[in-house]
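Only one structure is covered here, and it is reproduced in the block below.
The values are calculated or read from the model by the stated rules, or taken from the named source; none is laboratory data. On a predicted model such as this, the values are computed, not experimentally measured, just so you know. Because the Cβ atoms are built from the backbone with ideal geometry, glycine has one as well, and the counts that use them run over all protein chains shown.
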Amino acid sequence: MQASASLPISSACERNREPILQALLSYLIVDETQPQRLEHNRLVLEISSGTGQHAAYFTQHFSQAVNFPSLKSLRWQPSDVREQLAGIDLWRKKANNANFLSPIELNLKSAQWAPDRYDFAYTANSLHIVSWPLVLEFCRGVITTLRPGGLLFIYGPFNYDGRFTSYSNELFDSNLRHRDEHSGLRDFTALTEALCSAASRQGATMELQADIPMPANNQLLVFKKASIKSAY
Ligand SMILES: C[S@@+](CC[C@H](N)C(=O)[O-])C[C@H]1O[C@@H](n2cnc3c(N)ncnc32)[C@H](O)[C@@H]1O
């Protein structure tokens, strides 16, 4: 896809979009032999879409997946704070894919989360930008808005056991905190516990399905929501 000068561009997105897409695909494609799983057009909520380049690249791929109806019909709902929406919409118009929906405002400081609306939730490189209280709001909100059985994908760099996984991540964290003391890399365990606690307050569970190493010391975390009733 060619981008004109008027489109917002993130070079990080251009580097990471293909590895992220490949990692997502195995979770997004359903078993086509089970038609009951395709009874509605599945919907993905992207939180903090940024430029909109991930939405554009992923939906371009989905729209061409003629042999995978479950993927071709997948609708992608981008969202971000109000100031980002015009840029995302430029990418939407450029991409011209019906499954790339008009971006909606979703500010973690004041978000309204529609209950049980989305089959998937996705966010990339956002939880180290927003403050920890907003990470907690993210956890509460995505659990509310995911349908039971829905999957949550979180892409970005994380710490493990309180330690950086690389020197480059440590430098990145230091730059983030220098710019905003409330930013910074999140700890995998703290994030997982926050999701599990938020889920339990809503009568649900969030189970870690995968922690996938990605290029440049990033991870793709995959969680599945279940209601406590269906978990037993
Ligand atoms: C580093 S960018 C990541 C953008 C995109 N997901 C990507 O991977 O390129 C961080 C994003 O967090 C968003 N953000 C910052 N504060 C936010 C808030 N209060 N609610 C929702 N998103 C927020 C920014 O607008 C920006 O799009």
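Looking at the structure I just gave you, is Asn97 within 10 Å of the ligand (Cβ to nearest atom) and in a loop (DSSP other than H, G, I, E, B)?
no
Can you find a residue that is over 20 Å from Leu220 (Cα atoms), touching a helix residue (DSSP H, G or I) at 6+ places or on another chain (Cβ under 9 Å), within 15 Å of the ligand (Cβ to nearest atom) and part of a helix (DSSP H, G or I) anywhere in region 80-91?
Looking through region 80-91, at least one residue is over 20 Å from Leu220 (Cα atoms), touching a helix residue (DSSP H, G or I) at 6+ places or on another chain (Cβ under 9 Å), within 15 Å of the ligand (Cβ to nearest atom) and part of a helix (DSSP H, G or I).
Pick from region 37-71 the residues that are assigned to a loop (DSSP other than H, G, I, E, B), in contact with a helix residue (DSSP H, G or I) (Cβ under 7 Å, 6 or more places away or on another chain) and of a type in the set (A, V, I, L, M, F, W, C): which of them is farthest from Leu21 (Cα to Cα)?
Taking the candidates together, the pick is Val66.
Suppose we filter region 121-155 for residues that are over 13 Å from Leu221 (Cβ atoms), assigned to a strand (DSSP E or B) and near the ligand (Cβ under 10 Å from one of its atoms); how many remain?
Total meeting the criteria: 0.
Quick check, is Gln53 over 20 Å from Phe138 (Cα atoms), within 16 Å of the ligand (Cβ to nearest atom), touching a Lys or Arg at 6+ places or on another chain (Cβ under 9 Å) and polar (S, T, N, Q)?
Yes, satisfied.
With the checklist (1) at pLDDT below 95; (2) closer than 21 Å to Asn218 by Cα in hand, flag the one item Tyr57 doesn't pass.
Only one criterion in (1) at pLDDT below 95; (2) closer than 21 Å to Asn218 by Cα is unmet by Tyr57, namely (1).
Of the conditions (1) over 26 Å from Cys13 (Cβ atoms); (2) within 16 Å of the chain's Cα centre (by Cα); (3) assigned to a helix (DSSP H, G or I), Leu191 fails just one. Which one is it?
(1)
Could you give every pair whose Cβ atoms fall below 7 Å, whose first residue belongs to region 160-185 and is closer than 23 Å to Asp211 by Cβ, and whose second residue is aliphatic (A, V, I, L, M) and loosely packed, with under 14 Cβ neighbours inside 10 Å, counting only separations of at least 6 or pairs across chains?
No pair meets every condition.
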